[in-house]
Amino acid sequence: MIAAIIDNNMDRIKADLVNRGLTFDRLLDDILDHVCCMVEEQMVAGENFELSYKHVLGTIGDKRLPEIQHQTLLLLNKNFQLMKNFTYLFGLTAALIAILGAFFKRMHWPGAGILITAGIVLVIFVFLPLYFVINYREQAEKKNPLYAIVGFLTLAFLLAGAIFKIQHWPGAGHIIEASLVILIIGFIPLYVVNAFQRAGKSKLRLPYIVMLLIGIAIVSLLYNVNMSKNQLNIYRDEAIKNEFRVDNVQERTAQFMSYINDTTYVDKKEAVTEINIQAASLQIMLDEMKDGMLSYIKQAGARVEDIRKIDNRNAGRNAIYNSGKGREFTTVATEYKEMLEGLVEDPVTMSQIEDHLDFINKIWSLEFGSGDFRNDPLIKSYYKLTYASRGIALSEYVAISTLIHNQK
Amino acid sequence: MIANDLLKGTLRTIVLKLLSDNGRMYGYEITRKVEGLSEGKIKLTFGALYPVLHKLEAEGHIKIDVEYIGKRVRKYYSLTEVGRSWSQQKVDEFFDFVNTMSYVLKPTPA
């Protein structure tokens, strides 16, 4: 009797299950039998079919069937399991490579850049896509894939920004800015909406958001460890001022030079001319280093205002340090200073000249030793060159004007 | 009631042991049996059971016989040869685990 009633309703029960998302035939057979058994049990206890069935459906709920089916399919799908294992193994390897690279970099061993880059590239292009695909497939209720895509983009951009920053590749700032924009207008709103939808249903994906926050913290740290825009602007402004002063001072020096042939200064002519020539050759060396830096970043002839935006630490290292021109300049500048000491007798004037040439000791020789030039942003290296240029021009002017005025 | 997270790792063992003791069983029967044996402390939901059954079948530990009950299909699960020896191994492993846990969690005399 009871069995017959259930049999009569079989098509309806089956349709209900299918409508609730149970489409995997092998599982459908199991659940169908299971549900019938549950209904049967209640009917044996005296309930009628409709009430029993309603009650059983109530205990199943709307969303459990797709979830169960999903779990079953995942367990059955060996490829998926393999992919999952591979993904985690791969992520681990990539992270280890990147960490090893960081260690190499710390120890100044060769190959650090390659290791770090390889690690991060693997994370961005292999691990993260796989991770998000798996994550998405594992969710029982299919959600909007947008969440996974935006999450991927945010992390990918954050990591790419970090690697650009570490490797001093141009454009790091833009990438980090882009990632923050994606984060703020994409990921966070999506996350909040999602959190509200899930409220009370299951726990929020706390580890995920914590990981992301740590990532953001690290990247912002990287961003701030580097010179801020304000600082770069200060170097730029000082560089422009220096260049302006050099022009002014050289104009005044040129006036002196124009009447050096006058017979009044005949016995000073040789000394003044020598100072002028030496100073000019030092200026030429500085200009060569500036040009070297600008051509390194393929901006030959650019103005100071424009190069501020390009943060390339290799430019200064290449044009000043690696080329050997910086060292050569320091040697010639020291000779120039010794020459002035021999020509200028007045101790007050000489101390003034020494002040103008303090860069030889303060900035140059010291920092060549500790390798500071090798890590300065482009604009800072450029600023140092203009500072030296200003010192040369001023010392030249002071020396020549003193020699000429003393003659009178 | 026994907490779900404690049950999670032992579900396979329970299923294998039941099949080894009772020959062939169908899904609903397994849930009722577990409830009975545990005096209602373990409520095995079909959501937990069927994924495990399908997984065990895919691995070759259990096999399926099909019977028609009226219009519907009933699947009887039973152990394969491989499953039989594995089942014993799993049960031994579990008792070993319980013994170990009883040492570990035994209240220490003050």
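The values are calculated or read from the model by the stated rules, or taken from the named source; none is laboratory data. Only a predicted model underlies this, so the values are computations on that prediction, with no experimental measurement involved. Note that we place each Cβ from the backbone using ideal geometry, even for glycine, and neighbour counts take in every protein chain shown. Just so you know, the surface numbers come from the protein's heavy atoms only, side chains and all, with ligands and any DNA or RNA stripped out. Shrake-Rupley method; radii C 1.70, N 1.55, O 1.52, S 1.80 Å.
Looking across segment A:15-38 at every residue that is free of Cβ contacts under 8 Å to residues at least 40 places away in the same chain and more than 11 Å from every other protein chain (Cβ to nearest Cβ), the one that is most open to solvent (accessible area, probe 1.4 Å) is identified as A:19.
Checked against (1) surrounded by 16 or more Cβ atoms within 10 Å (Cβ to Cβ); (2) free of Cβ contacts under 8 Å to residues at least 60 places away in the same chain; (3) assigned to a helix (DSSP H, G or I); (4) more than 9 Å from chain B (Cβ to nearest Cβ), residue A:82 passes all but a single condition, namely (1).
Residues in segment A:48-65 that are touching a residue at least 24 places away in the same chain (Cβ under 8 Å) and more than 11 Å from chain B (Cβ to nearest Cβ) were compared, and the one that is farthest from residue B:52 (Cα to Cα) is A:49. Let me spell it out: the conditions are (1) more than 45 Å from the chain's Cα centre (by Cα); (2) at pLDDT 85 or above; (3) not polar (S, T, N, Q), and residue A:25 meets all of them except one. Which number is the exception? Result: residue A:25 passes all but (2).
Here residue B:44 fulfils each of the conditions (1) surrounded by fewer than 18 Cβ atoms within 10 Å (Cβ to Cβ); (2) of a type outside the set (Asp, Glu); (3) within 14 Å of chain A (Cβ to nearest Cβ) apart from (1).
Return a yes/no flag: does segment A:1-9 have any residue that is within 25 Å of residue A:135 (Cα to Cα), open to solvent by less than 20 Å² (accessible area, probe 1.4 Å) and out of contact with any Pro (no Cβ under 9 Å at 6 or more places or on another chain). No, segment A:1-9 has no match at all.
With respect to the conditions (1) among the β-branched types (Val, Ile, Thr); (2) over 30 Å from residue B:58 (Cα atoms); (3) outside any helix (DSSP H, G or I), residue A:23 lacks only one, and its number is (2). Here segment B:38-80 is the region considered, the condition is being assigned to a helix (DSSP H, G or I) and over 14 Å from residue B:11 (Cβ atoms), and the residue that is modelled with the lowest pLDDT is B:58. For segment A:311-322, the count of residues that are within 41 Å of the chain's Cα centre (by Cα) and in a loop (DSSP other than H, G, I, E, B) is at least one.
Look at segment A:176-205: where a residue is modelled with pLDDT under 70 and a partner is small (Gly, Ala, Ser) and surrounded by 12 or more Cβ atoms within 10 Å (Cβ to Cβ), sitting 6+ places away or on another chain with Cβ atoms under 9 Å, you get A:204/A:195; A:205/A:195.
Looking only at residues in segment B:1-26 that are farther than 22 Å from residue A:69 by Cα and of a type in the set (Gly, Ala, Ser), which one is farthest from the other protein chains (Cβ to nearest Cβ)?
B:20
For residue A:47, the test of being acidic (Asp, Glu), more than 52 Å from the chain's Cα centre (by Cα) and outside any helix (DSSP H, G or I) is passed.
In segment B:94-105, the residues that are open to solvent by less than 100 Å² (accessible area, probe 1.4 Å) reach residues that are hydroxyl-bearing (Ser, Thr, Tyr) with C-beta atoms within less than 7 angstrom, at least six apart or across chains, in these pairs: B:94/B:10; B:94/B:13.
Conditions tested, residue by residue: (1) in contact with a His (Cβ under 6 Å, 6 or more places away or on another chain); (2) within 11 Å of chain A (Cβ to nearest Cβ).
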{"site": "B:28", "(1), (2)": "yes, yes"}
{"site": "B:32", "(1), (2)": "no, yes"}
{"site": "B:40", "(1), (2)": "no, no"}
{"site": "B:48", "(1), (2)": "no, yes"}
{"site": "B:52", "(1), (2)": "no, yes"}
{"site": "B:64", "(1), (2)": "no, yes"}
{"site": "B:73", "(1), (2)": "no, yes"}
{"site": "B:77", "(1), (2)": "no, yes"}
{"site": "B:81", "(1), (2)": "no, no"}
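If the condition is being of a type outside the set (Lys, Arg) and open to solvent by less than 60 Å² (accessible area, probe 1.4 Å), then segment B:81-93 contributes B:83, B:86, B:87, B:91. Counting just the residues of segment A:290-300 that are in a helix (DSSP H, G or I) and over 14 Å from residue A:379 (Cβ atoms), which one comes out most open to solvent (accessible area, probe 1.4 Å)? Per the criteria, the residue is A:291.
Take residue A:75 and decide whether it is in a helix (DSSP H, G or I), surrounded by 15 or more Cβ atoms within 10 Å (Cβ to Cβ) and more than 20 Å from the chain's Cα centre (by Cα). Explain how you work it out, then say what you get.
On the way: in a helix (DSSP H, G or I): yes; surrounded by 15 or more Cβ atoms within 10 Å (Cβ to Cβ): yes; more than 20 Å from the chain's Cα centre (by Cα): yes.
For residue A:75, the condition - in a helix (DSSP H, G or I), surrounded by 15 or more Cβ atoms within 10 Å (Cβ to Cβ) and more than 20 Å from the chain's Cα centre (by Cα) - is met.
For residue A:132, are the conditions met, namely being within 16 Å of the chain's Cα centre (by Cα) and modelled with pLDDT of 80 or more? Answer is no for this residue. All conditions in (1) within 27 Å of residue A:11 (Cβ to Cβ); (2) surrounded by fewer than 16 Cβ atoms within 10 Å (Cβ to Cβ); (3) within 14 Å of chain B (Cβ to nearest Cβ) hold for residue A:69, with the sole exception of (2). Only residues that are crowded, with 19+ Cβ neighbours inside 10 Å and either modelled with pLDDT of 85 or more or not in a helix (DSSP H, G or I) (or both) were counted in segment A:351-378, giving 5. All of (1) without any contact (Cβ under 8 Å) to a residue 60 or more places away in the chain; (2) within 12 Å of the chain's Cα centre (by Cα) hold for residue B:87 with one exception: (1).
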